[in-house]
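Participant: The structure follows.
The values are calculated or read from the model by the stated rules, or taken from the named source; none is laboratory data. Just so it is clear, the structure is predicted and the values come from calculations on it, not from any experiment. Cβ sites come from the backbone with ideal geometry, for glycine too, and all protein chains shown count toward neighbours.
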Amino acid sequence: MLARIIASGILLIIAWLLPVKGIWELLVFIVPYAVIGWDVLWKAIRNISHGQVFDENFLMAIATVGAFGTGEYPEAAAVMLFYQIGELFQSCAVGKSRKSIASLMDIRPDYANIEKDGQLVQVDPEEIKIGDIIVVKAGEKIPLDGIVIEGKSTVDTAALTGESLPRTVGVNSDVISGCINQSGMLRIRVTKVFGESTVAKILDLVENSASKKAKAENFITKFAKYYTPIVVIAAVLLAVIPPLVLGGGWTNWIHRALIFLVISCPCALVISVPLSFFGGIGGASKKGILVKGGNYLEVLANTEIVVFDKTGTLTKGVFNVTAIHPDKYSQSRLIELAAYAESYSDHPIAKSIIEAYGCDIDNERITSSEELSGHGVKAVIDGLEVCAGNDKLMESIGVEWHPCHHTGTTVHVAVNGKYAGHIVISDEIKETSVAAIKALKDRGIAKTVMLTGDSKAVGEDTAKKLGLDMVYTELLPAGKVEKVEELIGTKSEKGKLAFVGDGINDAPVLSRADIGIAMGAMGSDAAIEAADIVLMDDNPEKIADAIDISKKTIKIVYQNIVFALAVKLAILVLGAVGIAGMWAAVFADVGVSVIAILNAMRAMKTK
Amino acid sequence: MKKVFKLVDLDCANCAAKMENAIKEMDEVEDVSVSFMTQKMTITAADDVDFDKLMKKVVKLCRKIEPDCEIVLK
């Protein structure tokens, strides 16, 4: 194509300089025209035979042939030349942006090292099965999800999460495909085949996100359907009516009508709008924010209320012993008795007490053990009857208990019917949560709300520490959905409600909210399934980033739409009154396209 | 059932839009999305629909709109 453009350009200049007239002039300009335009004419004819009349090729063909017909030989050839130059520019711009979005997503691993007969062999990651042992050397990309069985190293998770802080891994650490192994060699037992690996899922998600079209995209598609026929009809009217009404000057008006035809292609909009959304999604994934569709980006930009789940979202979701308050016993004795009593229970509270105890449990010392659901545990240890549980348990055995001034879940312990003290277990707030809430408020989010099933004291304490606007506690899952519906009723018409949860048990709320944001927990399947947006590193600060990206993308989309329509309208008007010529029309059409495409690529840039 | 097909030589965004609109009109098709950006076509149809037959019709339709574009039927 480039060769043809240059050839045609040269021929055109020669033709222009040749002092010929009449039929010779026509022929001399037809040469460059044919060189550059034969395929446009051919496609126009072919498409008509398929029933597709009104396309770019047909319009350009009519416009330029018409120009030849009205004696504007240099213009006809030049317009065709500019058109093809423009088309080339457009393909390049689209190709380049596709490539740079693809490179953002270049997390695909190309090979895996597997040991065969003592030698390290490079194979396609798709051939690796679950249970195979792969070797990842320093500097290589980890090709599949797995567990480290040998080696110690640091991994760079930036490709997936946007986090530049490396993670230390050792034996029994989970590692995710797509991360780069930095310092030491690792031997990894594969837990998921390539198709199921995190990296494959993420790539899949981003590619499919292009199919979930935003409202703006659908609008443009519909608009384009009507735009072309309307402009063509306007052109016909422009060619026919003024000469009839004003008498004479057919050539002039037909010429202007031809200019209309040149502008009638809506390509600038049809290309740039989806490209902007695509760019926005790509830019977001570079920061570890997976957006499942352009439409979600649109909705997110109008977020007014953000509702958080507490456990696992704003807090770490781990239960740690934060206080041991014995009555008459030593701290270590109290925790020992509690740990032994809880040793047969699977409850997370039991697990955290056992962890705090830290020593091995000698089962010989436990004569009997009973779990009383909703209350606690009862066991006989070293001949002593130990009851550990909540206040309801204490009441039922008639032991006087006193509450703790620390907020948290309190486990009271009674030995042989007498109160022995209590242990407080609480969840840790994520270090990033406070900053996350502040960032949202700085961006003008009207309401930040937390919903939790936790007790009033714990919930309100956490809410105060985080600076949240509202908190609702002691909610059952159904209660959470109710509250979200209530809150949806309070927002303004255009405002949207986003719910942030860890996905596992928040599915109904995630779907009820306008936008469901899940903590990806480095790839928890349930979360990725249920939500519209997934934060790959569980960092709530990323919500503010996501909102920034969505606002920027929407701004670019509107800029392009307004710019393209304004310029086209201007040229139509100028063309109708005879000020703008065909050259201007082609330049405007093509120039607008290229500018819109370049602007759309800005959506990819994130700070 | 949702199926994704790769498109080769889809040069015109307008044509992508036209293809999408045309395929949407087909009875068996519940939803379709043609992405000019990723060069992919996603078609959703009821589970009892014969996709091979459906795709033959889709290919014919698309050939009328954008003859240069090819749908990769794996």
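Participant: In segment A:206-217, how many residues are at the interface with another protein chain (Cβ under 10 Å from one of its Cβ atoms) and part of a helix (DSSP H, G or I)?
Facilitator: Selection size over segment A:206-217: 5.
Participant: While we're looking at this one, here's another question. For segment B:8-29, enumerate the residues that are hydrophobic (A, V, I, L, M, F, W, C) and within 12 Å of chain A (Cβ to nearest Cβ). Before you say what the answer is, go through the steps one by one.
Facilitator: Filtering segment B:8-29 down to residues hydrophobic (A, V, I, L, M, F, W, C) leaves B:8, B:10, B:12-13, B:15-17, B:19, B:22-23, B:26, B:29.
If the condition is that a residue be hydrophobic (A, V, I, L, M, F, W, C) and within 12 Å of chain A (Cβ to nearest Cβ), then B:L10, B:C12, B:A13, B:C15, B:A16, B:A17, B:M19, B:A22 are the ones that fit.
Participant: Could you pull out every one of the strands (runs of 3 or more DSSP E) wholly within chain B that has 2 or more residues that are surrounded by 18 or more Cβ atoms within 10 Å (Cβ to Cβ) and in contact with a Ser or Thr (Cβ under 8 Å, 6 or more places away or on another chain)? Let's see the steps before the verdict.
Facilitator: Details: elements: B:2-8, B:29-35, B:40-45, B:70-72.
The qualifying strands (runs of 3 or more DSSP E) are B:29-35, B:40-45.
Yes or no, residue by residue, for (1) within 30 Å of A:G467 (Cβ to Cβ); (2) within 44 Å of the chain's Cα centre (by Cα):
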| site | (1), (2) |
| --- | --- |
| A:E371 | no, no |
| A:A379 | no, no |
| A:L393 | no, no |
| A:P403 | yes, no |
| A:T409 | yes, yes |
| A:D427 | yes, yes |
| A:T432 | yes, yes |
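For (1) farther than 18 Å from A:A268 by Cβ; (2) surrounded by fewer than 21 Cβ atoms within 10 Å (Cβ to Cβ); (3) at pLDDT below 80, each residue gets a yes or a no:
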site: A:M519; (1), (2), (3): yes, no, no
site: A:D532; (1), (2), (3): yes, no, no
site: A:P540; (1), (2), (3): yes, no, no
site: A:I547; (1), (2), (3): yes, no, no
site: A:S550; (1), (2), (3): yes, no, no
site: A:T553; (1), (2), (3): no, no, no
site: A:Q559; (1), (2), (3): no, yes, no
site: A:A585; (1), (2), (3): no, no, no
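Participant: Can you tell me which residues in segment A:12-38 are among the charged types (D, E, K, R) and either crowded, with 16+ Cβ neighbours inside 10 Å or at pLDDT 80 or above (or both)? Let's see the steps before the verdict.
Facilitator: Kept after step one, since they are among the charged types (D, E, K, R), are these residues of segment A:12-38: A:21, A:25.
Residue satisfying the conditions is A:E25 alone.
Participant: Give me a count of the residues in segment A:368-412 that are of a type in the set (S, T, Y) and either in a loop (DSSP other than H, G, I, E, B) or on the phi > 0 side of the Ramachandran plot (or both). Step through it out loud before you land on a result.
Facilitator: Looking only at segment A:368-412, we keep the residues that are of a type in the set (S, T, Y), and these are A:368-369, A:373, A:396, A:407, A:409-410.
Next cut, either in a loop (DSSP other than H, G, I, E, B) or on the phi > 0 side of the Ramachandran plot (or both) only: A:373, A:407.
Of the residues in that region, 2 qualify.
Participant: Only one of (1) part of a helix (DSSP H, G or I); (2) closer than 17 Å to A:G71 by Cβ; (3) touching a helix residue (DSSP H, G or I) at 6+ places or on another chain (Cβ under 7 Å) fails for A:L59. Which number is that?
Facilitator: Only one criterion is unmet by A:L59, namely (2).
Participant: Being at pLDDT 85 or above, assigned by TED's automatic domain parsing to the domain that holds A:V411 and assigned to a helix (DSSP H, G or I) narrows it down to one residue among A:L334, A:L300; which is it?
Facilitator: Details: A:L300 fails: assigned by TED's automatic domain parsing to the domain that holds A:V411.
The conditions single out A:L334.
Participant: Against the conditions (1) of a type outside the set (D, E); (2) surrounded by fewer than 18 Cβ atoms within 10 Å (Cβ to Cβ); (3) in contact with a Phe, Trp or Tyr (Cβ under 9 Å, 6 or more places away or on another chain); (4) more than 14 Å from chain B (Cβ to nearest Cβ), where does A:W250 fall short? Just the number, please.
Facilitator: (3)
Participant: Here is a further query. Restricting to segment A:473-501, what's the tally of residues that are assigned to a loop (DSSP other than H, G, I, E, B) and among the hydroxyl-bearing types (S, T, Y)?
Facilitator: To start, the set of residues in segment A:473-501 that are assigned to a loop (DSSP other than H, G, I, E, B) comprises A:473-476, A:491-495.
Imposing the further condition that a residue be among the hydroxyl-bearing types (S, T, Y) reduces the set to A:473, A:492.
Qualifying residue count, segment A:473-501: 2.
Participant: Only one of these is surrounded by fewer than 19 Cβ atoms within 10 Å (Cβ to Cβ) and either in contact (Cβ under 8 Å) with a residue 60 or more places away in the chain or of a type in the set (K, R) (or both): A:K378, A:K441. Name it.
Facilitator: Numbers: A:K378 fails: surrounded by fewer than 19 Cβ atoms within 10 Å (Cβ to Cβ).
Just one listed residue meets the conditions, A:K441.
Participant: Among the residues of segment A:303-320 satisfying the criterion of being surrounded by fewer than 21 Cβ atoms within 10 Å (Cβ to Cβ) and modelled with pLDDT under 85, which is nearest to A:I425 (Cα to Cα)? So that I can check it myself, show each step before the final result.
Facilitator: Within segment A:303-320, the subset surrounded by fewer than 21 Cβ atoms within 10 Å (Cβ to Cβ) is A:304, A:311, A:316-318, A:320.
Then drop every residue that is not modelled with pLDDT under 85, which leaves A:311, A:316-318, A:320.
On the way: A:T311: 14, A:K316: 13, A:G317: 12, A:V318: 10, A:N320: 5 Å.
If we take residues in segment A:303-320 being surrounded by fewer than 21 Cβ atoms within 10 Å (Cβ to Cβ) and modelled with pLDDT under 85, then A:N320 is nearest to A:I425 (Cα to Cα).
Participant: Also: Whether any residue in segment A:32-40 is of a type outside the set (S, T, N, Q), touching a Leu at 6+ places or on another chain (Cβ under 9 Å) and farther than 11 Å from A:M80 by Cα is what I want to check. I'd like the intermediate steps shown before the answer.
Facilitator: Just the residues of segment A:32-40 that are of a type outside the set (S, T, N, Q), to begin with: A:32-40.
The next check asks that each one be touching a Leu at 6+ places or on another chain (Cβ under 9 Å); those that pass are A:32-37.
Remaining after also requiring farther than 11 Å from A:M80 by Cα: none.
Checked against the condition, which is being of a type outside the set (S, T, N, Q), touching a Leu at 6+ places or on another chain (Cβ under 9 Å) and farther than 11 Å from A:M80 by Cα, segment A:32-40 yields no hits at all.
Participant: So A:I188 clears everything in (1) away from every other protein chain (no Cβ under 12 Å); (2) assigned to a helix (DSSP H, G or I); (3) surrounded by 20 or more Cβ atoms within 10 Å (Cβ to Cβ) except one condition, right? Which one?
Facilitator: The single condition A:I188 does not satisfy is (2).
Participant: Then there's this: Quickly run through segment A:70-100 and pick out the residues that are hydroxyl-bearing (S, T, Y) and within 14 Å of chain B (Cβ to nearest Cβ). Spell out how you get there, then give the answer.
Facilitator: Within segment A:70-100, the first condition is being hydroxyl-bearing (S, T, Y), and the residues that meet it are A:70, A:73, A:83, A:91, A:97, A:100.
Within segment A:70-100, A:Y83, A:S91, A:S97, A:S100 qualify.
Participant: Quick one: A:L41 ticks every box in (1) within 13 Å of chain B (Cβ to nearest Cβ); (2) among the hydrophobic types (A, V, I, L, M, F, W, C); (3) under 25 Å from A:A7 (Cα atoms); (4) surrounded by 15 or more Cβ atoms within 10 Å (Cβ to Cβ) except a single one, so which number is it?
Facilitator: Evaluating A:L41 over (1) within 13 Å of chain B (Cβ to nearest Cβ); (2) among the hydrophobic types (A, V, I, L, M, F, W, C); (3) under 25 Å from A:A7 (Cα atoms); (4) surrounded by 15 or more Cβ atoms within 10 Å (Cβ to Cβ) leaves (1) as the failure.
Participant: Turning to a different aspect of this structure: State the number of residues belonging to segment A:226-285 that are farther than 18 Å from B:A13 by Cβ, more than 31 Å from the chain's Cα centre (by Cα) and hydroxyl-bearing (S, T, Y).
Facilitator: Looking only at that region, the number is 1.
Participant: Among the listed residues A:D174, A:D145, A:D124, A:D132, which satisfies the condition of being surrounded by 19 or more Cβ atoms within 10 Å (Cβ to Cβ) and among the charged types (D, E, K, R)?
Facilitator: On the way: A:D174 fails: surrounded by 19 or more Cβ atoms within 10 Å (Cβ to Cβ); A:D124 fails: surrounded by 19 or more Cβ atoms within 10 Å (Cβ to Cβ); A:D132 fails: surrounded by 19 or more Cβ atoms within 10 Å (Cβ to Cβ).
Criteria check complete, one pass: A:D145.
Participant: With respect to A:V592, is the statement that it is in contact (Cβ under 8 Å) with a residue 60 or more places away in the chain, more than 23 Å from A:N252 (Cα to Cα) and in a helix (DSSP H, G or I) true? So that I can check it myself, show each step before the final result.
Facilitator: Numbers: in contact (Cβ under 8 Å) with a residue 60 or more places away in the chain: yes; more than 23 Å from A:N252 (Cα to Cα): yes; in a helix (DSSP H, G or I): yes.
Answer is yes for this residue.
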